[in-house]
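Asks: Quick one: the structure is below, and I'll ask about it shortly.
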Amino acid sequence: MFDINKTNIETSKKEKFDVIIIGAGPGGMTAAIYTQRSNLKTMMLEKGAPGGKMMTTWEVENYTGFGKVSGFDLSDKMFNHTQELGVEYRYGDVSKIVDNGKTKEVHTTSGDVFETGAVIIGTGTIPRGTKAPGEGKLTGRGVSWCAVCDGAFFKDLDIAVIGGGNSAIEEAIFLTKTVKHITVINILPTLQADAKAVEDAKETGKMDFMLGYEIVSFNGDQQLTSITLRNVETKEETNLEVEGAFVFIGQIPETSFVKDLDITNKWGYIEVNTKMETRIPGIFAIGDVIEKDLRQIITAASDGSIAAVEVAKYLEKSNKL
């Protein structure tokens, strides 16, 4: 789409695309479907598996038209759709984006440099930690952030789930199929999960709740043996003996590679308008990585379709200049 005759000798050596989508989650894959169908040369760059967090979601039951479906199966269907249309897919960890005006450069940590007319950022988020002593040391030794990945290791054991939102409660419900008992720990005095999720959790008969408690430390030498908790109101400390702890207390946006572009808010989320445009022409952002109120698979997909349509308009206008 962009005018290769106007590129210099150095940039002419770079592999070129009309649009590069960074991240192959539901938003990125939806965007790729739309841009490819608009006859734009499209590449998705992903440093993990296609699907992102959706890949490790045990069950999705609110994605229109699918009823109950595993996150893995939904990811697989979306990715296969992109490949049937001919979307280029590459593994790559992006280190920076360089804004050259009409064109952009996408650099990876392995040294690859790609040139493109537009970029769509859909890198999502990573789990937030508690920062309590012992958490890092015992990660993979009892402390986990992925119920689907690690739940089987805790068969018939007592564990804790830390967090009170939908992610925490839904993952706890999944874990009841494997573990003996779950203690849900939340720093707030109430749960933030929706009423249906809370009702389902209580009906398992395998869960109790410690609300209004913060994590003091994760304890154990080679393996997690207990968690020290502090009552937020009384400051009284207690020791909870568990052999596993799953942490679901929020997310951190994956935006370190755009820190020099001045497109994020103070929390690191990318700021966009209703067209998914950042303040830099030609750079768009979608999904969990943007500043928004609702982060769901369906809203990420919606963001992707909007961004893709706007990218097509932007490139058409750009090539007429």
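Asks: Looking at PHE72, is it at pLDDT below 95, surrounded by fewer than 21 Cβ atoms within 10 Å (Cβ to Cβ), closer than 22 Å to TYR89 by Cβ and aromatic (Phe, Trp, Tyr)?
Replies: yes
Asks: Right, another one. Under the condition of being among the polar types (S, T, N, Q) and either under 20 Å from the mean Cα position of the chain (by Cα) or not assigned by TED's automatic domain parsing to the domain that holds ALA300 (or both), which residue from segment 29-63 is surrounded by the fewest Cβ atoms within 10 Å (Cβ to Cβ)?
Replies: ASN62
Asks: Also, I was wondering about something else. Would you check which residues across segment 25-50 are small (Gly, Ala, Ser), in a loop (DSSP other than H, G, I, E, B) and at pLDDT 95 or above and list them?
Replies: Those that are small (Gly, Ala, Ser), in a loop (DSSP other than H, G, I, E, B) and at pLDDT 95 or above: GLY25, SER38.
This table checks each residue for (1) under 22 Å from ARG295 (Cα atoms); (2) aromatic (Phe, Trp, Tyr).
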| site | (1), (2) |
| --- | --- |
| TYR63 | yes, yes |
| SER70 | yes, no |
| PHE79 | yes, yes |
| VAL87 | no, no |
| ASP99 | no, no |
| LYS104 | no, no |
| GLY111 | no, no |
| PHE114 | no, yes |
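Asks: Could you list all residues from segment 177-196 that are surrounded by fewer than 19 Cβ atoms within 10 Å (Cβ to Cβ) and of a type outside the set (Lys, Arg)?
Replies: THR178, HIS181, ILE187, LEU188, PRO189, THR190, GLN192, ASP194, ALA195
Asks: Could you please give the count of residues in segment 197-213 that are surrounded by 18 or more Cβ atoms within 10 Å (Cβ to Cβ) and either over 26 Å from GLU61 (Cβ atoms) or among the polar types (S, T, N, Q) (or both)?
Replies: 1
Asks: Right, next: Kindly provide the set of residues from segment 51-82 that are of a type outside the set (Phe, Trp, Tyr) and either in contact with an Asp or Glu (Cβ under 6 Å, 6 or more places away or on another chain) or outside any helix (DSSP H, G or I) (or both), ordered by number.
Replies: GLY51, THR57, GLU59, VAL60, GLU61, ASN62, THR64, GLY65, GLY67, LYS68, VAL69, SER70 - these are the residues of segment 51-82 that are of a type outside the set (Phe, Trp, Tyr) and either in contact with an Asp or Glu (Cβ under 6 Å, 6 or more places away or on another chain) or outside any helix (DSSP H, G or I) (or both).
Asks: Filtering segment 147-173 down to residues that are surrounded by fewer than 16 Cβ atoms within 10 Å (Cβ to Cβ) and at pLDDT below 95, which residue is nearest to LEU294 (Cα to Cα)?
Replies: Among those residues, the one meeting the criterion is CYS149.
Asks: Tell me which strands (runs of 3 or more DSSP E) are completely within segment 83-180 and hold 1 or more residues being farther than 30 Å from MET276 by Cβ, or say none if there are none.
Replies: 158-162
Asks: How many residues are buried (at least 23 other Cβ atoms within 10 Å of the Cβ) and of a type in the set (S, T, N, Q) when one looks only at segment 120-143?
Replies: Residues in segment 120-143 being buried (at least 23 other Cβ atoms within 10 Å of the Cβ) and of a type in the set (S, T, N, Q): 1 in total.
The values are calculated or read from the model by the stated rules, or taken from the named source; none is laboratory data. On a predicted model such as this, the values are computed, not experimentally measured, just so you know. For neighbour counting, all protein chains shown are included, and Cβ atoms are generated from backbone atoms with ideal geometry for every residue, glycine included.
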